[in-house]
């Protein structure tokens with residue numbers, strides 16, 4: 001089964017074929033399909049059934065105008081406006097730092113962008129702000145009253161959306177980088193100040209001819225991250 005063009009038929013298929021898609025076709029995603037995915041995803045568990053997630057799906061001219069606004073402002077604000085939380089820990093220790101470095105190396109190698117080509121690397125990074133050409137974008141926020149447990153719940157609904165997208169033949173790319181434009185996004189979506197904006201997500205059909213979509217990230221050996229006791 002092609003992970004780029006075929007839908008997933010089992011949860012295992014969805015997990016094994018899901019990846020952070022960084023090149024999309026401009027094929028529109030029907031509203032009914034997005035609604036179905038999101039409604040089904042809200043069956044994800046949450047402690048106390050709080051359902052702490054808040055989501056917005058955007059497409060068409062509103063999305064195009066938003067991307068155009070960000071693109072126009074990037075030259076003067078390449079680092080954005082600031083986020084409401086640390087996307088990564090300020091002092092990222094090992095082995096996490098090595099894993100983050102590894103995916104960067106793999107990505108630029110597959111694109112043929114050498115380490116010294118800083119402009120090329122910056123241009124690729126800036127493609128985040130076009131949602132990699134996806135025709136649909138999602139945004140996620142959570143009430144500031146919520147704690148770590150509820151952030152975990154929001155992660156589960158986001159994961160559910162990504163797996164359901166695979167079932168429908170779609171792909172996605174979760175994008176915490178959008179947290180750097182929190183003030184603008186809050187204004188765009190009319191998100192109240194009592195909420196923390198978390199991340200965006202690109203959603204659509206993967207471009208099967210794009211080299212970047214051949215990138216496969218590594219996973220740590222099972223015994224490095226999991227323990228099995230009493231078996």
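The values are calculated or read from the model by the stated rules, or taken from the named source; none is laboratory data. What you see is a predicted model, and the numbers here were worked out from it, not measured in a lab. Cβ placement follows ideal geometry from the backbone for every residue including glycine, while neighbour counts extend to all protein chains displayed.
Here are a few things to note about the model shown:
- Residues considered: 207, 153. Of these, the only one that is buried (at least 20 other Cβ atoms within 10 Å of the Cβ), more than 22 Å from residue 38 (Cβ to Cβ) and in contact with a helix residue (DSSP H, G or I) (Cβ under 8 Å, 6 or more places away or on another chain) is 207.
- Meets criteria (in contact (Cβ under 8 Å) with a residue 60 or more places away in the chain, touching a strand residue (DSSP E or B) at 6+ places or on another chain (Cβ under 6 Å), within 14 Å of residue 53 (Cβ to Cβ) and buried (at least 21 other Cβ atoms within 10 Å of the Cβ)) for residue 132: no
- The residues listed here are 183, 221; of these, the one that is in contact with a strand residue (DSSP E or B) (Cβ under 9 Å, 6 or more places away or on another chain), farther than 26 Å from residue 26 by Cβ and surrounded by fewer than 20 Cβ atoms within 10 Å (Cβ to Cβ) is 183.
- In the stretch 117-129, the residues that are at negative phi and touching a residue at least 40 places away in the same chain (Cβ under 8 Å) reach residues that are surrounded by fewer than 15 Cβ atoms within 10 Å (Cβ to Cβ) and in a helix (DSSP H, G or I) with C-beta atoms within less than 7 angstrom, at least six apart or across chains, in these pairs: 129/71.
- The stretch 195-231, residues that are over 30 Å from residue 82 (Cβ atoms), in contact (Cβ under 8 Å) with a residue 24 or more places away in the chain and in a loop (DSSP other than H, G, I, E, B): 205, 207, 208, 210, 216, 218, 220
- Residue satisfying condition, being closer than 30 Å to residue 218 by Cβ, in contact with a helix residue (DSSP H, G or I) (Cβ under 9 Å, 6 or more places away or on another chain) and either surrounded by fewer than 14 Cβ atoms within 10 Å (Cβ to Cβ) or modelled with pLDDT under 95 (or both), within set 78, 62, 28: 78
- From the options 161, 177, residue that is touching a helix residue (DSSP H, G or I) at 6+ places or on another chain (Cβ under 8 Å), surrounded by fewer than 21 Cβ atoms within 10 Å (Cβ to Cβ) and assigned to a helix (DSSP H, G or I): 177
- Condition check for residue 121: more than 26 Å from residue 69 (Cβ to Cβ) and in contact with a helix residue (DSSP H, G or I) (Cβ under 7 Å, 6 or more places away or on another chain): no
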